[in-house]
Structures are given as C-alpha cells and as structure tokens.
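K.L.:
Starting off with a structure, shown below.
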Amino acid sequence: MKYSFPKQEKVVSLKTIEALYSKGNYSVLIFPFKISMVFVAKQQSNCQVLITVPKRNFKKAVDRNRIKRQIREIYRLNKHLLLNNTALQSKQIAISIAYIGKTDLDYKQAENSLQKVINLIALHLEKDHSISVSPIN
C-alpha cells in the first residue's frame, strides 16, 4: 500500500470549503476533532481532506503548522480504512478535520480519535445510501 497524501486529495476549491462549513452536512465531534463531511461532484479523488487548526487557540503559526503536520501524518497512515470502503468507491466526498483541543496534540490520543472518526464516516457511508445532501459542482 502506498502511503501518500497528494495534492488531488486536498480540498482547494472555495465552493467545497463553503459547503463543508454550511449547515445541512454530516458532522461528528470526537475530541479533539470536529469532522464535517459533504458529498461533492467533479473531483479527481474519491476523498478530499481539509485540515484546520484555529488561530484563537494557538496564536503562533509555528504551533498551528506543527499540529496540522501531525494530523496530516495520522490521516496519511490511516486513510486506507476509509478508501478501502466499498461504499466510497461510487461516491465523492470532502472532509474537514478541525482540531478543537486547546493544548498541544497528544499523538496517541489523536491517532485513536481519528481512527474512530474514519470508522464512523465509513459506517455512515455504508449505512446511508440515500443521502439528502446534494452534490456541489
């Protein structure tokens, strides 16, 4: 298995970002992450990810960047749990991962939480085949 995180797996479209933060999409809160998911159309990858760390909680850019780097690494190593899901093969989704903790990232706790979130998203995709959220262009 190739563990990579190429550019086509990152959310860069402003329409997609707006859709992730609008109301009516699927969201999960498992501390220290808040995850939002929306179905999208016309993207290169089945799953795109956006990682955010609020400036309100971490004033220094160095701290925010370090936490984002650690979250990207955790996602990169565990994304196979989501991408191997058969329900995802026919759908295209965008996921927003927001770190809501107020202290530095504990790697083991964050890895366990992100694995739980990925499993919840996979379960949601398998269970709900008739999603009411319309794809955005």
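K.L.:
Modelling each spin label as a point 7 Å along the Cα-to-Cβ direction, I'd like the Asn46/Leu123 distance in nm, to one decimal.
P.N.:
With each label placed 7 Å out from Cα toward Cβ, I get 2.0 nm.
K.L.:
For a quick check, take a GNM of the chain with Cα springs below 10 Å and name the residue from Ile93, Ile118, Ile30 with the largest mean-square fluctuation.
P.N.:
Its mean-square fluctuation being the largest, the pick is Ile30.
K.L.:
Let me ask another. Mind putting a number on the dipole of region 14-92 about its Cα centre? Charges go on the C-beta only, +1 for Lys and Arg and -1 for Asp and Glu, and I need it in Debye to the nearest 20.
P.N.:
It works out to roughly 380 debye.
K.L.:
Okay, next question. Relative to the compact-globule scaling 2.2 N^0.38 Å, provide the ratio for the alpha-carbon radius of gyration of the chain.
P.N.:
Values: Rg = 14.4 Å, N = 137, 2.2 N^0.38 = 14.3 Å.
Its radius of gyration relative to the 2.2 N^0.38 Å reference: 1.01.
K.L.:
Which percent, to the nearest 5, of DSSP beta bridges fully inside the chain are antiparallel?
P.N.:
So the antiparallel bridges amount to about 60 percent of the total.
K.L.:
In deg cm²/dmol, rounded to 500, what helix-only [θ] at 222 nm does the chain give when every DSSP H run of at least 4 residues adds -39500 (n - 2.57) and the total is split over its residues?
P.N.:
Rounded to the nearest 500, the figure is -11500 deg cm²/dmol.
K.L.:
Further, regarding this structure: If the only charges are +1 at each Lys and Arg Cβ and -1 at each Asp and Glu Cβ, what is the size of the charge dipole of the chain around the Cα centre, to the nearest 20 debye?
P.N.:
So the dipole magnitude of the chain works out to roughly 540 debye.
K.L.:
A further question follows. Note down the relative contact order for the chain as a percent, whole number, built from C-alpha pairs under 8 angstrom at least six residues apart.
P.N.:
Relative contact order here is 36 percent.
Every read-out reported here was derived from the displayed coordinates using simple, explicitly stated rules and does not represent laboratory data. Computed from a predicted model, the values in this text were never measured in an experiment. Cβ atoms come from the backbone with ideal geometry, glycine included; neighbour counts cover every protein chain shown.
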